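Novice: Here it is, the structure, as structure tokens.
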């Protein structure tokens, strides 16, 4: 393998990270708002929305495996993975816009339209994101550089998450002049344009450094035999599925939690007590003075509180990310991941015990959860890159994209199950879209879906990592042995 300079410049780290910024503008929107978009905006029944999310995600998950095989065998002057980022950038943007459009095709036609556009978006997302993720495993073989790259990457991811989870609903109200359907589409158009530009920057600023020799390449059959014997890969696949079930479930249900469980008067009082209402008043006046009379922050209390809740959590996730690299380098990725995913699970469980008027403690818990979970965010992906190294170290064959495709398979399965569970719980517990007063069972189901259910799933993922073989000592041994092989 080519082991030329493994040091990455700041420009390359930022350039690579912008690809995740682009993808996450849409990805975080899917996690947080897809069930809400289908049920409350496009007016698809909750049970039907659950089926679309579930089957669409499974379709994308299995396509990821095919995409991994294709990407590992791609041969271009630009490398294996970079060209896919170029080829899929524009189709990704177009499909995102179509998936969040609301043509009036009648009840059955809307279901078909939602199903087709979601399937196509997931397909293009897989063709883009699998090679992008695998690219991170071949930019450098230096594990400290990988930790650094991952930290850059996930700070940028958090910025995209902040924009999507904290600003999308207010932007949708502003840009749709109160019409959420038009507002969603207009906002996604902006996200898509920015995303295409970021993907192009990623393509032009990165370089694939780790390339397998022809004699080390393997057949598709051999790749999957290697995977079946790779215990760290099996553990990480299960952990990835569980983590993204949790993120998709709780992320998609928070909007209902604020709209139907938390007391709107208590939310308004909290926003007033912390000075947020005064801040928004001055912002709105400033916009009026410079002529932007249409761009006024919406008066919907639940939307504002929900957006601020997400914003606070994301900011503290970013703070947590900054601690991730040093903790991982000192104690090993596995140990730090186990500890902090468990602590973040405990904070989720607390949401079950808060009354509808306990707004301040809800926000404080979200900040603590964000910090704990933020420490784990970069570690998941660097651990998957370590699994690819482990496979090469053990089998003397490298199949980066297949390794990563299996993990993205896990992400898609997790998102599908989590998103479908959210919509299914709404249906099971008797939720009625846009009803002012929900039945008590629906409110209880919403509360459980942001607390007990995701918290327990996180705890199970932490327990699984006790069976993950790659500790700090093995990380050092693998890196040393592979560097020696590559020199030879």
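Readers should treat all values here as calculations from the given coordinates under stated rules, not as data from a laboratory. All values derive from a computational prediction rather than experimental measurement. As a convention, Cβ positions derive from the backbone with ideal geometry for all residues, glycine included, and neighbour counts pool all protein chains shown.
Novice: Regarding the chain, what whole-number volume in Å³ per residue does the convex hull of its Cα atoms give?
Specialist: In the chain, the Cα hull volume divided by residue count equals 136 Å³.
Novice: Just need log10 I(q)/I(0) for region 264-365 at q = 0.10, 0.24 Å⁻¹, Debye formula, equal scatterers on the alpha-carbon atoms, no solvent, rounded to two decimals.
Specialist: Reported log10 I(q)/I(0), two decimals: -0.44, -1.27.
Novice: Peptides 176-185, 434-443, 156-165, 229-238: what's the order by average Cβ count within 10 Å, highest mean first? Don't skip to the end; give the middle numbers.
Specialist: Details: 176-185: 17.0, 434-443: 13.2, 156-165: 23.5, 229-238: 19.1.
Per-residue Cβ counts within 10 Å, averaged per peptide and sorted highest first, yield 156-165, 229-238, 176-185, 434-443.
Novice: What is the gain in length, in nm to one decimal, between residue 145 and residue 231 on full extension, counting 0.36 nm per residue of separation less the C-alpha to C-alpha distance?
Specialist: Fully extending the segment from residue 145 to residue 231 adds 28.5 nm.
Novice: By how many degrees, between 0 and 90 and to the nearest 10, does the Cα long axis of helix 10-36 differ from the longest principal axis of the chain?
Specialist: Compared with the principal axis, the helix lies near 40 degrees.
Novice: Provide the convex hull volume over Cα atoms per residue for region 1-158, in Å³.
Specialist: That works out to 118 Å³ per residue.
Novice: Quick one: which of 132-143, 260-271, 402-413 comes out on top by average Cβ neighbours within 10 Å, and what's the full order, highest first? Write down the numbers at each step before the final one.
Specialist: Values: 132-143: 24.2, 260-271: 18.2, 402-413: 26.3.
Peptide ranking by packing, descending: 402-413, 132-143, 260-271.
Novice: Just how many % of Cα pairs in region 425-481 lie over 14 Å apart, if you round to the nearest whole percent?
Specialist: Details: 1094 of 1596 pairs.
When every Cα pair of region 425-481 is considered, 69 percent fall beyond 14 Å.
Novice: Measuring from a point 7 Å past the Cα of residue 452 along Cα-to-C-beta, which residues in region 356-391 have an amide N at less than 18 Å?
Specialist: Inside the label zone: 356.
Novice: Additional query: Percent of Cα-Cα pairs more than 18 Å apart in region 42-90, please.
Specialist: On the way: 613 of 1176 pairs.
Within region 42-90, distances greater than 18 Å cover 52 percent of Cα pairs.
Novice: What distance in nm lies between label points placed 7 Å from Cα along the C-beta direction at residue 78 and residue 43?
Specialist: The two pseudo-label positions are separated by 4.3 nm.
Novice: Please report, to two decimal places, log10 I(q)/I(0) for region 311-442 at q = 0.17, 0.22 Å⁻¹ as given by the Debye formula with identical point scatterers on the Cα atoms and no solvent.
Specialist: Here the Debye-derived log intensity ratios amount to -1.08, -1.29.
Novice: Note the full-extension length gain between residue 363 and residue 463 as 0.36 nm times their separation in residues minus their Cα-Cα distance, in nm to one decimal.
Specialist: 33.2 nm
Novice: Treating the Cα atoms of region 77-133 as identical point scatterers in vacuum, please give the log10 of the normalised Debye intensity I(q)/I(0) at q = 0.17 Å⁻¹, two decimals.
Specialist: -0.57
Novice: Something else about it: Mind checking the angle between helix 400-428 and the chain's longest principal axis? C-alpha axes, 0 to 90 degrees, to the nearest 10.
Specialist: Orientation of helix 400-428: about 20 degrees from the principal axis.
Novice: Which whole-number percent gives the relative contact order of the chain, counting Cα pairs below 8 Å spaced six or more residues apart?
Specialist: About 28 percent, as a whole number.
Novice: In whole Å and largest first, what semi-axes does the C-alpha gyration tensor of region 20-109 yield when each eigenvalue is scaled by 5 and square-rooted?
Specialist: The three semi-axes for region 20-109 are 31, 15, 12 Å.
Novice: Using only the Cα atoms, what convex hull volume per residue in Å³ does region 82-241 have? Present the calculation step by step, with values, prior to reporting the outcome.
Specialist: Details: hull volume 25.9 nm³, N = 160.
Enclosed volume per residue, from the Cα hull, is 162 Å³.
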